[in-house]
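This report concerns only the one structure given below.
The values are calculated or read from the model by the stated rules, or taken from the named source; none is laboratory data. From a predicted model like this one, the values you see are computed outputs, not experimental measurements. Here the Cβ positions follow ideal geometry from the backbone for every residue, glycine too, while neighbour counts run over all protein chains shown.
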């Protein structure tokens, strides 16, 4: 009996403790990942972030797409790089639908490797400082080859509520 009371007490403390934190006190994107930080960086630092983001995105997408075949157990062994039936596999469908960032130019001068993306984000934060609370990592999803929004497109989307503007 005493054990049950102690267990109930611990569960109650846990539940009350979990509910003490209001949603407004939890920030999904710390301020260092927002426009003020971006604007404090030089071109090489911005380019470094975008290069790392794109590399991570490509590796993550590639691994996730390959995992679809394993999860669905549809193909044993390595997937051919350029097989004719590759698009039929779930991994092929995944790769076709995954966003891509092909505008980065490896070998370009420092600060210009991924300037197609850094220039859009910099222009957005410069022209529309009222939206500097939007994390730059969040904006990257709108710069894929398929979407590639301009700074003005991002502004229109923010203004109309099509993208999240508060964290």
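The residues on offer are 70, 58, and the sole one that is surrounded by 11 or more Cβ atoms within 10 Å (Cβ to Cβ), modelled with pLDDT under 85 and assigned to a helix (DSSP H, G or I) is 70.
Within the range 121-151, the set of residues being in a helix (DSSP H, G or I) and more than 21 Å from residue 104 (Cα to Cα) comprises 126, 127, 129, 130, 131.
Note on the range 145-157: among residues that are touching a helix residue (DSSP H, G or I) at 6+ places or on another chain (Cβ under 9 Å) and either modelled with pLDDT of 95 or more or farther than 19 Å from residue 54 by Cα (or both), the one that is surrounded by the most Cβ atoms within 10 Å (Cβ to Cβ) is 154.
Residue check: residue 94 meets all listed conditions (1) in contact with a helix residue (DSSP H, G or I) (Cβ under 7 Å, 6 or more places away or on another chain); (2) at pLDDT 90 or above; (3) crowded, with 16+ Cβ neighbours inside 10 Å; (4) not in a loop (DSSP other than H, G, I, E, B) but one, namely (2).
Just to check your reading of the model, which residue among 99, 161, 107 is exposed (fewer than 12 other Cβ atoms within 10 Å of the Cβ) and closer than 19 Å to residue 49 by Cβ?
Numbers: 99 fails: exposed (fewer than 12 other Cβ atoms within 10 Å of the Cβ); 161 fails: closer than 19 Å to residue 49 by Cβ.
Going through 99, 161, 107 in turn, the sole match is 107.
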